[in-house]
Amino acid sequence: MEPLGATGLVAAGMFDANAHPDVSHASTAGLKESDRYERYVELAQSAGLKGACAVALPGTEPRQHLERCRRSDFLTPVAPWKSVGPKRVIRGVQALTKMGYNAIKIHPRLGGPSFGSKEFRMIAEVASDEGCVLFVCTYPFSAAENRLGDSLLRDLELAILRAPNARMVLLHAGAVDLLRYIEFCRVNEHLLLDLSFTLMKYAGSSLDQDLLYALDSFDRRICVGTDYPWYSPKAVTSRLGPMLESLSTVKRRNILHANIEDYLAG
């Protein structure tokens, strides 16, 4: 089995499941808005990545985001969603799919609907009907009034009950609740776990053992992202490489790119 350091990751070709080139950040200071996308692609390609989901956050203009992604074959656009209320969900989702999107990002803490809302349950149902993948943020901590915490899994369960075939990429894999999310996805086989943020945020903690377990034992249902611009492609590949060294070539392929590519292909 070949070693997988930084050079090995270049050869394996990671597909970034969760990058945000639309976001203004200290690392992109001085760049024009349109240049942020080009800057991310440069950094990702230099780190050996083969492609990425450009996951827009609420507040990003969807048509502009789509156009900027289409300037590069490297980027797969994921549409932003700002909460509109349940009555406008059908029209909103269909407008995005007609525009050319096959995926939508839901971020409850930054302007999207909560997972316990009627709006989110409707989005899941309509997106499923339209063949659209939902990228949903599962980081469970926020101000008390947002009522996230332990309600997230329950609320996702209720949404899936209404839309049993809805495809969702669970971004950040529940953070410190990683093992619970693994078990949730084990019995809901149409879901995919993304390890962005969690992989980097908790380095050196006891979660390292859970991450190693996930990579080895759940490789067919996991993908990896950078959460750029908060973490660079180089930093993520450097962290991930040693964790994958003992895995088979098939498992590496699944984790690094095959799972997310197959999932997006439907």
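The values are calculated or read from the model by the stated rules, or taken from the named source; none is laboratory data. Note that the coordinates shown come from a computational prediction; the quantities given were computed from them, not determined experimentally. Here the Cβ is made from the backbone with ideal geometry for all residues, glycine too, and neighbour counts use every protein chain on show.
What to note about this one:
- Hey, A258 at pLDDT 95 or above, among the aliphatic types (A, V, I, L, M) and part of a helix (DSSP H, G or I) or not: yes
- Boolean, R121 is part of a helix (DSSP H, G or I), closer than 18 Å to A19 by Cα and of a type in the set (K, R): no
- Among the residues of region 152-180, those that are of a type in the set (D, E, K, R) and closer than 26 Å to E130 by Cβ comprise R154, D155, E157, R162, R167.
- The test for being more than 12 Å from the chain's Cα centre (by Cα), among the aromatic types (F, W, Y), within 24 Å of V78 (Cβ to Cβ) and surrounded by fewer than 24 Cβ atoms within 10 Å (Cβ to Cβ) does not hold for Y213.
- Selection status of L158, at pLDDT below 95 and either closer than 26 Å to L264 by Cβ or in contact with a Leu (Cβ under 8 Å, 6 or more places away or on another chain) (or both): yes
- Test for V187: is it surrounded by fewer than 24 Cβ atoms within 10 Å (Cβ to Cβ), touching a residue at least 12 places away in the same chain (Cβ under 8 Å) and of a type outside the set (S, T, Y): no
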